[in-house]
Every structure is written in C-alpha cells, then in structure tokens.
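Structure record follows, encoded as structure tokens.
The values are calculated or read from the model by the stated rules, or taken from the named source; none is laboratory data. Here the structure is a predicted model, which means the values were calculated and not measured. As a convention, Cβ positions derive from the backbone with ideal geometry for all residues, glycine included, and neighbour counts pool all protein chains shown. Heads up: the accessible areas ignore ligands, DNA and RNA and are worked out on the full protein's heavy atoms, side chains in. Shrake-Rupley method; radii C 1.70, N 1.55, O 1.52, S 1.80 Å.
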Amino acid sequence: MQQLIRSLGIPLILQLFSLSPAVDGYNYYDDSLAPVILIHGVGGSQLKAKWETQGQPEYCDEKQEEFDYIWLSMSIAVKGDNNLRCWVYRFKILYDQKNQRFTNQNGVVTIVRGNFGSLESSEYVAHNAIAKFKTEYYHHVIENFEDADYSEELSMKAASYDWRFPPQSLAEQLYYDQLTQLVEEMAQKTSRKVTIIAHSMGGLVTAHFLLMKPQAWKDKYINSFVSIGTPWLGSTATPKSYVVGNNWGISWLNVVIMKVLLRSLPSVALLMPYEEEFKDEVLMEWTVKNKTYTSKDYRQFYTDIGFPEGFEIRQRVRGIFPVPLDKLGVQYHCIWSRTTKPETPGRFRVTDPNLPEATEISGEQMVEGDGTVNIKSLRYCERFKNATVKSFDGPNHTGLLYEKVLSDYLLSSVLKNGKSL
C-alpha cells in the first residue's frame with residue numbers, strides 16, 4: 001500500500017491528505033518538516049580499527065594493516081577468551097595524566113564506519129547480517145522516518161562518533177567541526193533549519209556542542225534539539241558496571257571481560273552519578289568490610305575496587321555537569337521513558353571479600369527510571385522553563401527507540417515548522 005501511495009507522486013499525496021484525515025492523526029507529509037541529524041549514545045556506533053602493537057597479551061596478532069570491525073564484531077563471541085583479551089587490549093582507552101588526555105592504545109588507530117553523516121554506522125551496532133537483529137539501534141527510527149519521506153540523501157543524517165570518549169575530547173577529534181559543517185550543508189540544501197535528535201549520552205554531546213556555538217549561528221541553522229533518555233545527572237546504574245561488569249544486554253559479550261574494558265572508558269566515568277546532586281545517597285554497600293559508598297566517596301570506591309586511577313578519570317570528565325539547559329539558546333525537547341515497574345539499579349550490595357575480583361552482587365535495590373538511567377537524572381530537564389517535556393510509560397532506555405509512538409510524536413510535534421532559511 002505504501003509503495004502504491006508513493007508511486008502516485010508527491011503532489012497527489014498532498015491533495016489526498018488535504019481532503020482526508022492524516023494517518024493515525026499525524027500529517028507525515030507536511031512540507032515544513034525539519035531535516036534531522038541523529039546522534040547516538042554509548043555503544044551506539046560501529047567502529048573499525050587497525051593496529052601495530054607490541055607487549056599485548058599472549059597469542060594476540062601484533063599487526064592488522066587494514067581497518068576491520070572492532071565494535072561490534074562477532075569474532076568477540078566465537079574465538080574464545082584469548083581473543084577477548086586481545087580485543088580489550090586494543091579497544092581500551094589510555095589516560096595520559098600528565099597531559100590530561102585520553103588516547104587509543106599505543107599503535108591502535110580507530111575510525112567510525114562510513115562517511116560522516118552516513119546512517120549505516122548507528123542503524124545497527126553490529127555490521128554482521130546475522131547479528132543485526134540483536135543489535136538494532138536507530139533502525140526503527142530511520143525506518144519510520146523513511147516512511148514519512150525522509151531520505152539519507154537529503155533530509156536525514158547521523159553524526160556518529162567514537163563513543164568511548166567523553167564530549168570534551170571530541171573537539172580534539174574535530175567532531176564538532178564536522179557536525180557544524182553537516183548542519184550547515186543540510187540547512188542549505190533543504191532551505192530548512194535542522195533538528196538534532198540525540199539519545200542517551202548523545203544528549204550530553206549535543207548540549208556541549210550547542211553551548212559552544214554563537215547564538216547567531218544557532219538562530220540561523222537550528223530548528224530544535226531533542227534529547228531522548230539523556231542521563232543529565234549521570235546514572236545510579238553506572239557504579240555496578242565498575243564492580244561486576246556489564247554487557248549492555250548483548251548475551252555473547254563476557255561480562256568479566258567487559259568490566260576490564262568499561263573501567264578504561266572515560267565515557268563510563270562521565271556517567272557516574274553527579275556528586276552535587278546525589279551527595280549522601282548510598283550507591284553501594286560492601287558488607288564484609290561494613291562499608292558504604294556515596295558520590296562523596298568516589299576516591300575510596302575506586303581504590304577499593306582496585307582501580308585508583310578511575311578517580312582521576314572521573315575528575316577529568318565531571319566538569320560537564322551541571323548542564324545549563326536554560327542557556328542552550330534553541331528550542332529544546334526532553335523525552336524520557338519509565339519502565340512499568342522499577343527496574344533501574346539504584347543501590348547494590350556486594351559480599352565478596354575480594355572486591356576487585358567480584359563477579360556478582362548479593363542484593364540490589366531497584367528505583368524508578370528507564371532501566372538504565374534513574375528518574376531523577378531523566379527529569380532534570382524539567383527544572384528549566386524553556387524545555388518541552390514528553391514522557392512515555394513502558395519502554396526501557398533503548399527500547400523507546402524501537403517504538404513507533406516515539407517516531408510519531410517526533411514527526412507530528414517536534415519536526416514541524418522547520419522554517420525556511
């Protein structure tokens with residue numbers, strides 16, 4: 001049916017819609033829809049790497065001359081623990097404390113898949129056809145927008161980045177320069193202002209970008225900014241990743257191996273609960289030592305888990321908080337979801353006497369949120385009068401991206417009125 005409608009041609013479509021109610025109450029073919037740039041969160045883009053390394057774990061290949069997929073690669077799942085250790089060695093981030101910089105492992109070069117602006121990197125997290133159905137990211141949003149006549153050639157792009165790095169480090173990689181150019185090119189080609197739609201940490205990346213731009217530039221090129229499930233105050237689920245690991249729901253990723261990787265990533269340190277907001281809230285109990293940890297105890301927390309350098313990494317990235325959403329200088333829409341019952345880690349307990357080697361928790365208190373980000377962090381945007389807030393009940397953090405109701409809301413309420421330049 002959809003193909004039949006499209007074959008009739010745009011002018012006739014517009015006539016039909018003017019004579020009858022819009023499908024599902026939404027007029028997808030309104031000619032004032034703004035062009036869109038999608039920005040992902042942690043884990044949300046495919047990355048490739050090549051390397052020439054020395055001193056890596058035993059049995060690792062020292063050289064890879066052509067770029068190959070490193071995130072997300074099926075070889076992680078099928079080649080055993082030795083391959084996993086090699087993968088972590090190549091994929092982790094190093095922190096140069098003297099120069100306060102984050103870098104790849106020595107001898108490793110990484111790139112994001114595809115040309116800047118291409119949708120292919122963040123539509124799925126894995127490139128392998130077999131793994132795609134398990135690693136969808138923006139796929140459903142892209143599909144729904146294409147049904148509304150958006151196209152990658154003209155009106156829909158993705159600004160993918162290396163999500164291992166925090167927003168502050170992306171400037172060194174010229175990411176914000178590329179994003180600026182992409183916004184300007186889309187606006188000029190469509191004669192419409194651009195809407196940036198960002199999920200999870202992508203909201204922090206976008207806010208950081210907008211706060212750096214002159215108001216005149218934003219007035220000329222930006223229609224609106226939409227954040228979806230952004231952890232504006234960090235997340236109470238993050239400390240658990242440091243202690244027992246996290247495979248982000250991808251069953252074939254070894255949680256223990258992932259813990260080694262996650263500890264090195266400054267993007268994970270960024271998502272620790274913000275100190276000034278969580279203050280005395282207990283995040284973790286270590287019962288065998290009769291210890292509790294709040295955000296005031298981060299130095300001790302990192303020391304006790306056997307990763308003392310983690311505190312320095314946290315100090316390096318925490319300056320992005322609190323985000324002054326009232327100073328963005330653009331129309332802002334804050335979208336978040338809440339699971340039907342509390343499923344977001346808020347406080348957990350460990351009984352293992354060897355905390356650095358702990359592999360499981362003994363108790364967990366769940367709080368309201370989207371399963372990944374707690375409600376307090378999600379609703380931070382409500383403090384600002386210039387924010388339009390929309391919440392959805394039921395979907396979890398990434399699951400909201402799969403819901404057609406989200407795309408419907410964006411198409412009907414957010415993307416309209418992309419005024420001509």
Between the modelled labels at SER251 and THR351 (7 Å from Cα along Cα→Cβ) the distance in nm is 2.8 nm
Summing -39500 (n - 2.57) over every DSSP H run of at least 4 in the chain, dividing by its residue total and rounding to the nearest 500, the 222 nm mean residue ellipticity is -8500 deg cm²/dmol
Of the listed links LYS279/LYS390; LYS50/LYS134; LYS296/LYS404; LYS341/LYS404; LYS50/LYS157, those spanning more than 31 angstrom between alpha carbons are LYS296/LYS404
Whole-Å distance linking the alpha carbon centroid of segment 158-231 with that of segment 286-358 is 26 Å
Cα-Cα pairs in segment 239-396 separated by more than 20 Å, as a whole percent of all pairs, come to 56 percent
In whole percents, the bins of 5 Å from zero upward hold the Cα-Cα pairs of segment 31-114 as 3, 12, 20, 22, 17, 10, 6, 4, 3, 2, 1, 0
Projecting the Cα atoms of ASN128, MET258, PRO342 onto the charge dipole of the chain, where Lys and Arg contribute +1 and Asp and Glu -1 at Cβ, the residue farthest towards the positive end is PRO342
Segment 104-179: spread of alpha-carbon positions along the three principal axes, whole Å, largest first, is 43, 31, 18
Checking ALA216, ALA198, ALA237 against a Gaussian network model of the chain (alpha-carbon springs below 10 Å), the top fluctuating residue turns out to be ALA216
One quarter of the C-alpha convex hull surface, i.e. the mean projected area of segment 308-365 in nm², amounts to 7.0 nm²
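Give me the percent of DSSP beta bridges within the chain that run antiparallel, rounded to the nearest 5.
On the way: 26 of 55 bridges.
Once the DSSP bridges in the chain are tallied, antiparallel ones form about 45 percent.
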The simple spin-label model distance between GLU382 and CYS60, using points 7 Å out along Cα→Cβ, in nm, is 4.6 nm
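At 20 °C and 1.002 mPa s, grab the translational diffusion coefficient of the chain from Stokes-Einstein with a Kirkwood Rh over Cα pairs, rounded to a whole number in µm² per second. Display every interim value, and only then the final one.
Working: Rh = 22.5 Å.
After rounding, the answer is 95 µm²/s.
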In whole µm²/s, the translational diffusion coefficient that Stokes-Einstein assigns to segment 151-194, given a Kirkwood hydrodynamic radius over C-alpha pairs, 37 °C and 0.692 mPa s, equals 286 µm²/s
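How many Å² of accessible area per residue for the chain, probe 1.4 Å? Mind dumping the intermediate values first?
Details: 18480 Å² over 421 residues.
Per-residue value: 44 Å².
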Quick P(r) readout (segment 118-275; Cα-Cα; 10 Å bins; whole %) gives 9, 33, 36, 17, 4, 0
Those helices of the chain passing the 27 Å axial Cα length cut-off and the mean Kyte-Doolittle cut-off of 1.0 (DSSP H runs only) are none
When the charge dipole of segment 53-168 is computed with +1 at the Cβ of Lys and Arg and -1 at the Cβ of Asp and Glu, the Cα pointing farthest to the positive end, of GLY107, GLY55, SER151, is that of GLY55
Here P(r) for segment 228-279, Cα-Cα distances in 10 Å bins, as whole percents, is 25, 49, 23, 2
If the chain between ALA216 and GLU52 were fully extended at 0.36 nm per residue, the gain over the current Cα-Cα distance would be 54.5 nm
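For segment 190-318, what Kirkwood radius comes out of the mean inverse Cα-Cα distance, in Å? Write out the running numbers ahead of the final one.
Numbers: mean 1/r = 0.0601 Å⁻¹.
By the Kirkwood definition, the hydrodynamic radius is 16.6 Å.
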Listed by chain and number, the residues whose amide H is under 5 Å from that of GLY394, excluding neighbours fewer than 5 places away on the same chain and using placed H, are ARG338, THR339, THR340
The percentage of the accessible area of the chain (probe 1.4 Å, all protein chains present) made up of carbon and sulfur atoms, to the nearest whole number, is 47 percent
